[in-house]
Amino acid sequence: MSINAQKYLVGIMGLILVGSVIATGYLDTQRRKKENVPPSAKASASASAAPLSRELQRGLKIYQELSCETCHGPGGKGGVHNFNAQSGQEVPPLNKVAEGYTKPELIEKIKVGVPDEPKLDPNGPAPPLHMPGFKDMLTDDQVNDLVAYLISLKPKGEDSGF
């Protein structure tokens, strides 16, 4: 395959990736319109059952500002489709991160991100969505607030493990 053909192929794949991200956002917007639910209403509604502490309010605000709910869902309850991702071909929900990560591991995951999402089919294409690292965007206090918020998403009546 010639260099020009390779460049053309990479360009087309990039356009497909951008198109899939735009389509996901569009479909999510249409779903919300159909359900008549504002983007952060579900997270706010579930959190409104009990008032959030200032730390958790700050964590929720960071979760929303970084657009975490776009992929992980409002209140961390579910993600969007991520073709060929090992995580069930979806962006994983975050409402049970307290079961799978220690606090230091969760802090590290937020700072470093997941630059290369493992493939379900090793011979298939790379999953289009991956989590960026936020180490250069957040202070340590902001990361701690976000971690506290994520831990608080664990369904009530279950021990957080922390």
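The values are calculated or read from the model by the stated rules, or taken from the named source; none is laboratory data. Every value quoted in this text rests on a predicted model; they were computed, and no experiment measured them. Heads up, the Cβs are rebuilt from the backbone with ideal geometry, glycines too, and the neighbour counts pull from every protein chain shown. Heavy atoms of the whole protein, side chains included, go into the accessibility calculation; ligands, DNA and RNA do not. Shrake-Rupley method; radii C 1.70, N 1.55, O 1.52, S 1.80 Å.
Sorting F134, F83 on solvent-accessible area from highest to lowest, probe radius 1.4 Å, gives F83, F134. The accessible area of D121, taken with all protein chains in place and a 1.4 Å probe, comes to roughly 70 Å². Note on A126 and R31: with the Förster distance fixed at 25 Å, the Cβ-Cβ geometry gives a FRET efficiency of about 0.45.
Using a cut-off of 27 Å between Cα atoms, the listed pairs K61/K154; K7/K111; K119/K156; K77/K119; K96/K119; K135/K156 include K7/K111; K119/K156; K135/K156 as exceeding that distance.
Taking N as the residue count of region 38-152, its C-alpha radius of gyration divided by 2.2 N^0.38 Å amounts to 1.07. Across the protein chains, with a 1.4 Å probe defining accessible surface, the residues E55, E117, E108 rank E108, E55, E117 from largest area downward. In the full protein context, region 53-162 carries 57 Å² of accessible surface per residue, based on a 1.4 Å probe and ignoring ligands, DNA and RNA.
By a 1.4 Å probe calculation restricted to protein chains, K119 has an accessible surface near 70 Å², given to the nearest 10. Leaving ligands, DNA and RNA out of it, report the carbon-plus-sulfur percent of the accessible area of region 38-152 at a 1.4 Å probe. Carbon plus sulfur share of accessible area: 54 percent. Placing +1 on the Cβ of every Lys and Arg and -1 on the Cβ of every Asp and Glu, with nothing else charged, gives region 38-152 a dipole about its Cα centre of roughly 300 debye.
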